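Participant: Have a look at this one.
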Number of protein chains: 2
Amino acid sequence: MKKVFVIGAGRSATTMISYLLDHAHSEDWQVTVGDMNLELAAEKVGQHARGRAIAFDIQDTAQRAAEIGAADLVISLLPAHMHVLAAEECLANGVHLVTASYVSPEMAALDAQAKEKGLVFLNEIGVDPGIDHMSTMEMLDRIQDMGGVLKSYKSYCGALIAPESNNMWGYKFTWAPRNVILAGQGTAKYRKEGRERYIPYHQLFRRIEEIDVPGYGSFDAYANRDSLKYSAVYGMDGVETLFRATLRVPGYCQMWDAFVQMGITDHSYRLPHSQGLTLRDFVFSFVPAHAGLRDVERLAFFLDQPSDSTVIRKIVALDLLSDRQIPLDNASPAEILEWILMEKWLFDPNDTDMVVMQHQLEYELGGKRHRLISSMVDKGINRWDTSIARTVGLPAAIAARLILKGRIQTYGVVLPIHREIFQPVLQELKKFGIHFTEQQFLVGEAVGV
Amino acid sequence: MKKVFVIGAGRSATTMISYLLDHAHSEDWQVTVGDMNLELAAEKVGQHARGRAIAFDIQDTAQRAAEIGAADLVISLLPAHMHVLAAEECLANGVHLVTASYVSPEMAALDAQAKEKGLVFLNEIGVDPGIDHMSTMEMLDRIQDMGGVLKSYKSYCGALIAPESNNMWGYKFTWAPRNVILAGQGTAKYRKEGRERYIPYHQLFRRIEEIDVPGYGSFDAYANRDSLKYSAVYGMDGVETLFRATLRVPGYCQMWDAFVQMGITDHSYRLPHSQGLTLRDFVFSFVPAHAGLRDVERLAFFLDQPSDSTVIRKIVALDLLSDRQIPLDNASPAEILEWILMEKWLFDPNDTDMVVMQHQLEYELGGKRHRLISSMVDKGINRWDTSIARTVGLPAAIAARLILKGRIQTYGVVLPIHREIFQPVLQELKKFGIHFTEQQFLVGEAVGV
């Protein structure tokens with residue numbers, strides 16, 4: 001009997017744990033779920049004969065050694081910076097590891113040791129990162145197998161709210177709110193027509209690109225922080241255009257740009273007297289005064305908007321011009337904005353979330369330039385199997401099964417960019433309705449020989 | 001005989017060293033000037049009988065102990081982060097210390113020890129910081145002596161180029177170029193009508209204030225990074241408005257705002273292939289493409305300017321749309337901008353610089369609101385006695401003389417906010433033509449009782 005140990009039983013663990021339990025008999029597994037909150041773990045495991053829920057604290061060295069030491073494979077859903085604690089214990093005990101997080105430098109440093117011990121430390125096997133890597137490499141493989149040469153790669157992904165659950169702001173928090181508030185801070189980097197391009201943060205939400213997803217209409221995209229990170233990993237150093245972006249419902253970026261222009265997404269300093277400050281006074285700590293203008297007009301003037309514009313109405317509907325008092329003391333502008341939005345953008349158990357992904361590739365083949373558009377839309381099924389839980393959890397769970405069956409023989413700290421990983425994972429995801437729809441075009445003129 | 005040791009013989013040391021040598025006979029001093037560059041030190045000391053030039057390296061522990069140990073007072077013109085090396089040696093040897101730099105946390109930590117040993121470690125005694133502190137405290141003293149209550153304090157300072165030496169951009173580097181490029185990055189903080197106000201960097205150079213300096217016309221001011229820093233130091237915690245700003249020639253801020261909007265003042269990342277990149281390609285790494293637009297139009301469209309506007313003409317005149325190649329590899333945008341500007345904004349030995357300072361105070365007295373405007377303009381005299389050298393060097397040198405005469409009895413890490421310092425220093429600065437002109441007004445309506 002193989003032992004799987006899942007660390008973390010939060011929202012995004014639901015679908016993953018169901019998958020593991022559903023396969024526990026046929027694969028002869030015992031599935032242990034550990035969380036600081038035992039109740040949460042117990043709820044996820046239910047009465048399953050091969051399931052076991054425990055209270056687990058990664059910082060407890062004795063428990064860490066005992067539980068990880070007893071496992072054949074660990075799936076860590078810990079906050080990203082804590083994976084390495086699990087990874088070191090896995091190394092010491094010869095246990096495989098799966099995470100949906102970006103490879104940290106600390107994780108990368110374990111590559112040689114994991115390789116030497118024949119262990120798979122598979123990371124970035126969620127949705128973004130995860131399904132994006134796998135679907136990209138699958139298309140790239142196909143193009144190269146045909147003899148095509150990739151010229152342009154653009155990739156878009158967004159964790160959104162389904163149209164039927166939408167609010168006037170076009171967003172609810174289905175994912176870590178702080179990450180949404182701080183998204184894009186710094187400088188976005190990408191490549192276009194062979195050259196690096198840069199977008200400073202204060203321009204990011206106004207330099208949007210509109211894309212169309214068949215059956216779902218249009219979305220706005222803003223550039224990710226560092227599109228160049230995967231150039232070498234994907235083997236795309238010679239590709240002229242390399243751009244990764246985040247999708248939002250139309251109108252969202254224009255509203256978020258207003259927050260950026262005001263400066264209220266900043267987390268680099270604190271307001272010494274934030275407690276008791278009204279939201280109106282908070283806003284007008286950033287927006288300069290203009291004699292004779294009412295609040296709405298003053299804000300509209302600052303944002304260069306008509307005072308009845310959609311953006312202004314969205315801001316007013318967040319109570320930002322009201323006398324509501326801020327309960328947080330010594331808070332950063334970002335923390336205050338998060339507090340404001342948490343209430344208005346609450347993801348309700350009755351809401352449906354939606355993950356949207358699209359890749360736009362251009363390649364040369366047979367003297368012609370081809371365009372391949374591949375789109376995936378996944379919706380949540382119920383309050384437990386949200387789309388985030390499905391698209392993060394299923395790839396990780398499927399990969400865990402492949403590792404335990406000995407089907408993955410790439411050892412060390414690994415991304416799902418290898419055929420032996422992405423082919424069977426993408427194949428099985430289809431059974432769960434997670435699949436891409438492709439469109440093929442020929443781009444205008446023939447390419448000179 | 002007292003021994004004065006000046007560390008650093010760069011541009012801003014000239015006037016200071018002259019002052020010290022001019023007083024060496026009457027005060028019975030020996031003046032040693034140490035610099036990494038012996039020639040520079042020797043040039044500043046000349047043939048003066050009481051002067052001595054040495055090659056000096058603050059990192060050489062033996063030399064540091066010997067030279068500082070032999071002195072009665074050290075004036076450090078080292079880069080700010082190196083003062084503490086001199087300060088610790090001063091502590092060990094019972095030597096007074098004078099610097100024109102901001103007090104660092106490391107310097108502040110030596111306060112108790114310096115106090116205990118009866119040493120004066122006087123900092124921030126240049127122009128800004130320095131003359132600003134002294135003239136502020138002097139006015140505040142006068143207002144309080146009359147029974148007035150300060151309500152509003154605004155202070156402006158700029159190290160500029162004199163009108164007769166001006167170029168089309170309204171600026172030359174009379175001061176550390178890197179500081180000019182990075183000026184204002186972060187969030188500006190000040191107090192207005194009793195409340196903290198914030199200006200994010202991308203708004204800083206468009207939220208300008210215009211001030212008038214009698215005889216010199218108008219200047220534009222942008223907010224300093226942290227005006228609140230001196231609230232407690234100046235005893236101004238109860239003052240409704242507290243604002244410190246940097247002065248520029250009209251038009252400069254609008255041009256600099258264009259650089260900020262493009263993102264080319266950023267020093268937080270590097271361009272991997274900057275060497276050999278043309279300036280045109282550098283600019284268009286930041287400015288998005290628009291089909292059918294020529295370079296100038298494309299830039300003008302991005303900046304929301306007519307293509308023959310002053311800002312666009314200033315940018316074109318910097319060769320920013322030319323095929324000139326960047327010689328720096330792996331450089332940050334800020335480093336590239338600095339390289340571009342260094343050549344165009346070179347301060348020539350025949351140029352005249354100018355330091356402009358203005359304070360605007362409002363106070364209540366006798367049931368009325370009064371407005372006091374105090375302005376100082378100083379111009380360089382020749383290529384050695386620039387205004388920067390005069391306004392930084394003279395306050396420090398005068399204060400050094402006062403310390404050696406035992407006239408300053410505030411010990412520890414000290415700012416020139418004490419009457420025994422600012423009164424005689426400001427008095428003596430007048431002899432060198434550095435003085436303030438005041439205007440008094442009554443503000444509109446009477447204040448309710």
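Participant: Taking residue B:221, is it assigned to a strand (DSSP E or B), in contact with a helix residue (DSSP H, G or I) (Cβ under 8 Å, 6 or more places away or on another chain) and of a type in the set (A, V, I, L, M, F, W, C)? Spell out how you get there, then give the answer.
Facilitator: On the way: assigned to a strand (DSSP E or B): yes; in contact with a helix residue (DSSP H, G or I) (Cβ under 8 Å, 6 or more places away or on another chain): no; of a type in the set (A, V, I, L, M, F, W, C): yes.
So residue B:221 does not fit the description; no.
Participant: If you go through segment B:224-255, how many residues are outside any loop (DSSP other than H, G, I, E, B) and among the charged types (D, E, K, R)?
Facilitator: Residues of segment B:224-255 that are outside any loop (DSSP other than H, G, I, E, B), as a first pass: B:226-230, B:241-248, B:252-255.
From the residues that got through so far, the ones that are among the charged types (D, E, K, R) too are B:226, B:229, B:244, B:248.
Total satisfying the criteria: 4.
Participant: For segment B:338-383, enumerate the residues that are among the hydrophobic types (A, V, I, L, M, F, W, C), touching a Pro at 6+ places or on another chain (Cβ under 9 Å) and over 24 Å from residue B:227 (Cα atoms).
Facilitator: Answer for segment B:338-383, where residues must be among the hydrophobic types (A, V, I, L, M, F, W, C), touching a Pro at 6+ places or on another chain (Cβ under 9 Å) and over 24 Å from residue B:227 (Cα atoms): B:339, B:341, B:342, B:345.
Participant: Suppose the filter is over 30 Å from residue B:193 (Cα atoms) and touching a Lys or Arg at 6+ places or on another chain (Cβ under 6 Å); does residue B:349 pass it?
Facilitator: Against the criterion (over 30 Å from residue B:193 (Cα atoms) and touching a Lys or Arg at 6+ places or on another chain (Cβ under 6 Å)), residue B:349 qualifies.
Participant: Let me ask something else. So is residue B:235 closer than 25 Å to residue B:123 by Cα, more than 10 Å from chain A (Cβ to nearest Cβ) and more than 21 Å from the chain's Cα centre (by Cα) or not? Spell out the reasoning first.
Facilitator: On the way: closer than 25 Å to residue B:123 by Cα: yes; more than 10 Å from chain A (Cβ to nearest Cβ): yes; more than 21 Å from the chain's Cα centre (by Cα): yes.
Here the answer is yes, as residue B:235 does meet what is asked.
Participant: If you don't mind, there's one more thing I want to ask. Scan segment A:173-192 and report the pairs whose first residue is within 14 Å of chain B (Cβ to nearest Cβ) and whose second residue is of a type in the set (A, V, I, L, M, F, W, C) and part of a loop (DSSP other than H, G, I, E, B), with Cβ atoms within less than 9 Å and a gap of 6+ or a chain change.
Facilitator: The qualifying pairs are A:184/A:205; A:191/A:236; A:191/A:239; A:192/B:289.
Participant: Within segment B:371-391, is even one residue touching a His at 6+ places or on another chain (Cβ under 7 Å) and part of a loop (DSSP other than H, G, I, E, B)?
Facilitator: no
Participant: Let me ask something additional. Among the residues of segment B:203-215, write down those that are touching a residue at least 12 places away in the same chain (Cβ under 8 Å), over 20 Å from the mean Cα position of the chain (by Cα) and either more than 7 Å from chain A (Cβ to nearest Cβ) or crowded, with 20+ Cβ neighbours inside 10 Å (or both). Full working, then the answer.
Facilitator: Initially, segment B:203-215 is screened for residues touching a residue at least 12 places away in the same chain (Cβ under 8 Å), giving B:204-211, B:213-215.
Filter once more, so that each one left must be over 20 Å from the mean Cα position of the chain (by Cα): B:206-207, B:214-215.
Matches in segment B:203-215: B:206, B:214, B:215.
Participant: Among the residues that make up segment B:230-238, is at least one of them among the hydrophobic types (A, V, I, L, M, F, W, C), within 30 Å of residue B:320 (Cβ to Cβ) and at pLDDT 95 or above?
Facilitator: No: zero hits.
Participant: Name the residues in segment A:129-156 that are among the hydrophobic types (A, V, I, L, M, F, W, C) and either over 24 Å from residue A:215 (Cβ atoms) or touching a Ser or Thr at 6+ places or on another chain (Cβ under 7 Å) (or both), would you?
Facilitator: Those that are among the hydrophobic types (A, V, I, L, M, F, W, C) and either over 24 Å from residue A:215 (Cβ atoms) or touching a Ser or Thr at 6+ places or on another chain (Cβ under 7 Å) (or both): A:131, A:137, A:139, A:140, A:143, A:146, A:149, A:150.
Participant: Any residue at all in segment B:309-322 that's within 14 Å of chain A (Cβ to nearest Cβ), within 22 Å of residue A:193 (Cβ to Cβ) and in a loop (DSSP other than H, G, I, E, B)?
Facilitator: no
Participant: Still on this structure: Here is a check on your reading of the model: is residue A:258 assigned to a helix (DSSP H, G or I), within 14 Å of chain B (Cβ to nearest Cβ) and either of a type outside the set (Gly, Ala, Ser) or without any contact (Cβ under 8 Å) to a residue 60 or more places away in the chain (or both)?
Facilitator: Spelling it out, residue A:258 is indeed assigned to a helix (DSSP H, G or I), within 14 Å of chain B (Cβ to nearest Cβ) and either of a type outside the set (Gly, Ala, Ser) or without any contact (Cβ under 8 Å) to a residue 60 or more places away in the chain (or both).
Participant: So which residues in segment A:302-327 are touching an Asp or Glu at 6+ places or on another chain (Cβ under 8 Å) and either closer than 21 Å to residue A:272 by Cα or exposed (fewer than 13 other Cβ atoms within 10 Å of the Cβ) (or both)?
Facilitator: Hit for segment A:302-327 is A:321, nothing else.
Participant: Ok, one more. Please determine whether any residue of segment B:267-290 is within 14 Å of chain A (Cβ to nearest Cβ), within 30 Å of residue B:133 (Cβ to Cβ), surrounded by 20 or more Cβ atoms within 10 Å (Cβ to Cβ) and under 28 Å from the mean Cα position of the chain (by Cα).
Facilitator: No, segment B:267-290 contains no residue that is within 14 Å of chain A (Cβ to nearest Cβ), within 30 Å of residue B:133 (Cβ to Cβ), surrounded by 20 or more Cβ atoms within 10 Å (Cβ to Cβ) and under 28 Å from the mean Cα position of the chain (by Cα).
Participant: Where in segment A:7-96 are the helices (runs of 4 or more DSSP H), entirely inside, with at least 1 residues that are more than 18 Å from residue A:120 (Cα to Cα) and touching a helix residue (DSSP H, G or I) at 6+ places or on another chain (Cβ under 9 Å)?
Facilitator: Once the helices (runs of 4 or more DSSP H) in segment A:7-96 are filtered for at least 1 residues that are more than 18 Å from residue A:120 (Cα to Cα) and touching a helix residue (DSSP H, G or I) at 6+ places or on another chain (Cβ under 9 Å), what remains is A:14-22, A:24-27, A:38-45, A:61-70.
Participant: What number goes with the only condition from (1) farther than 26 Å from residue B:134 by Cα; (2) within 14 Å of another protein chain (Cβ to nearest Cβ); (3) surrounded by fewer than 19 Cβ atoms within 10 Å (Cβ to Cβ); (4) of a type outside the set (Phe, Trp, Tyr) that residue B:264 does not pass?
Facilitator: (3)
Participant: Would segment A:216-230 turn up any residue that is touching a strand residue (DSSP E or B) at 6+ places or on another chain (Cβ under 7 Å), farther than 30 Å from residue A:168 by Cβ and within 11 Å of chain B (Cβ to nearest Cβ)?
Facilitator: The answer is yes, given that some residue of segment A:216-230 is touching a strand residue (DSSP E or B) at 6+ places or on another chain (Cβ under 7 Å), farther than 30 Å from residue A:168 by Cβ and within 11 Å of chain B (Cβ to nearest Cβ).
Participant: Next up: Which residues, taken from segment A:51-77, are surrounded by fewer than 18 Cβ atoms within 10 Å (Cβ to Cβ) and touching a residue at least 40 places away in the same chain (Cβ under 8 Å)?
Facilitator: Of everything in segment A:51-77, just one residue is surrounded by fewer than 18 Cβ atoms within 10 Å (Cβ to Cβ) and touching a residue at least 40 places away in the same chain (Cβ under 8 Å), namely A:70.
Participant: What's the number of the only condition in (1) in a loop (DSSP other than H, G, I, E, B); (2) within 14 Å of chain B (Cβ to nearest Cβ); (3) more than 27 Å from residue A:369 (Cβ to Cβ) that residue A:293 fails to meet?
Facilitator: Looking at each condition in turn, residue A:293 falls short on (2).
Participant: Where in segment A:102-204 are there strands (runs of 3 or more DSSP E), lying fully within it, with 3 or more residues that are closer than 30 Å to residue A:333 by Cα?
Facilitator: Output list reads A:149-161, A:187-192, A:195-200.
The rows are residues; the columns are (1) surrounded by fewer than 24 Cβ atoms within 10 Å (Cβ to Cβ); (2) hydroxyl-bearing (Ser, Thr, Tyr); (3) over 21 Å from residue A:404 (Cα atoms).
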position: A:102; (1), (2), (3): yes, yes, yes
position: A:108; (1), (2), (3): yes, no, yes
position: A:111; (1), (2), (3): yes, no, no
position: A:114; (1), (2), (3): yes, no, no
position: A:118; (1), (2), (3): yes, no, no
position: A:123; (1), (2), (3): no, no, no
position: A:126; (1), (2), (3): no, no, no
position: A:129; (1), (2), (3): yes, no, yes
position: A:132; (1), (2), (3): yes, no, yes
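Participant: Of all residues in segment A:338-351, count the ones that are surrounded by fewer than 21 Cβ atoms within 10 Å (Cβ to Cβ), in contact with a strand residue (DSSP E or B) (Cβ under 8 Å, 6 or more places away or on another chain) and not acidic (Asp, Glu).
Facilitator: Looking only at that region, the number is 0.
Participant: Under 9 Å between Cβ atoms, at least 6 apart or on separate chains: pull out the pairs that start in segment A:1-13 with a residue that is over 20 Å from residue A:385 (Cβ atoms) and end on any residue that is surrounded by fewer than 24 Cβ atoms within 10 Å (Cβ to Cβ) and among the hydroxyl-bearing types (Ser, Thr, Tyr).
Facilitator: Pairs that qualify, where the first residue is over 20 Å from residue A:385 (Cβ atoms) and the partner is surrounded by fewer than 24 Cβ atoms within 10 Å (Cβ to Cβ) and among the hydroxyl-bearing types (Ser, Thr, Tyr), are A:3/A:32; A:5/A:32.
Participant: Would you mind finding the one in A:158, A:118, A:126, A:130 that is modelled with pLDDT of 95 or more, out of contact with any helix residue (DSSP H, G or I) (no Cβ under 9 Å at 6 or more places or on another chain) and under 30 Å from residue A:342 (Cβ atoms)?
Facilitator: So the residue among A:158, A:118, A:126, A:130 that is modelled with pLDDT of 95 or more, out of contact with any helix residue (DSSP H, G or I) (no Cβ under 9 Å at 6 or more places or on another chain) and under 30 Å from residue A:342 (Cβ atoms) is A:158.
Participant: Let me ask something else about it. Pick from segment B:32-50 the residues that are touching a strand residue (DSSP E or B) at 6+ places or on another chain (Cβ under 6 Å) and under 14 Å from residue B:3 (Cα atoms): which of them is surrounded by the most Cβ atoms within 10 Å (Cβ to Cβ)?
Facilitator: Across segment B:32-50, the extreme among qualifying residues is B:33.
The values are calculated or read from the model by the stated rules, or taken from the named source; none is laboratory data. Keep in mind that what you see is a predicted model, and the values were worked out from it rather than measured. Quick reminder, even Gly has a Cβ in these numbers, built from the backbone with ideal geometry, and neighbours come from all protein chains shown.
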